[in-house]
Ligand SMILES: NC(=O)c1ccc[n+]([C@@H]2O[C@H](COP(=O)([O-])OP(=O)(O)OC[C@H]3O[C@@H](n4cnc5c(N)ncnc54)[C@H](OP(=O)(O)O)[C@@H]3O)[C@@H](O)[C@H]2O)c1
């Protein structure tokens, strides 16, 4: 390998955050047993936030952002991996307090690494990235709680976002009737082409009634906030919500009635520290039964040199689908 390599580095001085491509050497990388040549990464909303001031994402500066990476092992100090292995790393401290995926090389702890499942390419792993992995984890947990293709509609909120789009596609690919909720008026045709049976506007408020019409067998919710109270009231008997995010707010109110009269459950989803056995299982599902036919249709591939303009797009909510960084493009 070369003496130096390029990385996108975020730094802070006197409260001002700067973003710069820099030449690093292997000695600049944090400790870890496995050195990976990064082939693909992706831009999540969290990555975009990591590049701006006061976002509270980055725990220590300087930092290389990138909570996701896929690549090939260059060198390993552990028997668990060897040079040439194709691997995925998402979550943990990556891009937060440990140099992440926006770099030609990354060095990580062996316990963070998932071997690339067969039937999945490195590029496909990053079309999914944390967004797809999280959607897959949510589906798995809802299924364990009774979600079934024999039953009626599943609601996906924030449907044009990274998590939402992939949740719509995956649920459709395994046979669910998906109702997509979106705030974007012009997104109906695209969401239907990706697998939504019906597209509805954002559910933005909650009424004062203790229970609503039983409408959903389950819901995937990257939105949260006050409107979550309304979804809770609309679940059918033994229905569950996979609660993932907070683009609509952090707090919600609820009475006990949906829980004690309809057996409603709220299942929290954490993609960052998922236990490794389950993490590998979800990635195997993403390679097989959850893999949508149209996975490649939602990718926007960019060069490593073009990260800054894509980050701007994400911060201004002008992106759609998944932004994949191809280090060899
Ligand atoms: N728990 C975890 O491990 C985990 C993992 C990944 C992501 N997340 C979180 O999940 C959330 C979504 O992530 P993402 O990657 O899908 O983000 P994203 O690509 O930015 O999508 C978020 C979507 O939320 C909807 N939205 C935005 N503002 C809204 C508002 N005020 N009210 C209602 N809906 C709104 C929009 O969809 P529409 O315009 O279609 O409504 C938007 O596209 C974030 O909060 C993220 O931090 C959590």
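Tabulated values for the structure
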item: Label point distance in nm, residue 293-residue 111, each placed 7 Å from Cα along Cα→Cβ; result: 4.3 nm
item: Sites residue 53 and residue 317 - FRET efficiency at Förster radius 25 Å, r taken between beta-carbons, to 0.05; result: 0.85
item: Cα centroid separation, segment 182-254 to segment 3-66 (Å); result: 35 Å
item: Difference of contour (0.36 nm per residue) and Cα-Cα distance, residue 204 to residue 150; result: 16.6 nm
item: Segments 155-161, 86-92 sorted - mean Cβ within 10 Å per residue, highest first; result: 155-161, 86-92
item: Rounded to 5, percent antiparallel among DSSP beta bridges of the chain; result: 55 percent
item: Degrees separating the helix 276-287 axis from the principal Cα axis of the chain, which is the longest one; result: 80 degrees
item: Rg to Rh, two decimals, where segment 80-155 supplies the alpha carbon set and Rh follows Kirkwood; result: 1.07
item: Principal axis box of segment 131-268, alpha-carbon based, largest edge first, Å; result: 37, 29, 24
item: Contact order relative to length of the chain, as percent, for alpha carbon pairs under 8 angstrom and 6 or more apart; result: 17 percent
item: Cα radius of gyration and Dmax for segment 11-103 (Å); result: 13.7, 44
item: Cα-based convex hull, the chain, per residue volume (Å³, whole number); result: 132 Å³
item: Order of 214, 107 under a 10 Å beta carbon neighbour criterion, fewest first; result: 214, 107
item: Sorted peptide list for 234-242, 19-27, criterion being average Cβ within 10 angstrom, highest first; result: 234-242, 19-27
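Coordinate-derived values only; no laboratory data. It should be emphasised that the depicted structure is a prediction, and the values quoted were computed from it without experimental measurement. Quick reminder, even Gly has a Cβ in these numbers, built from the backbone with ideal geometry, and neighbours come from all protein chains shown.
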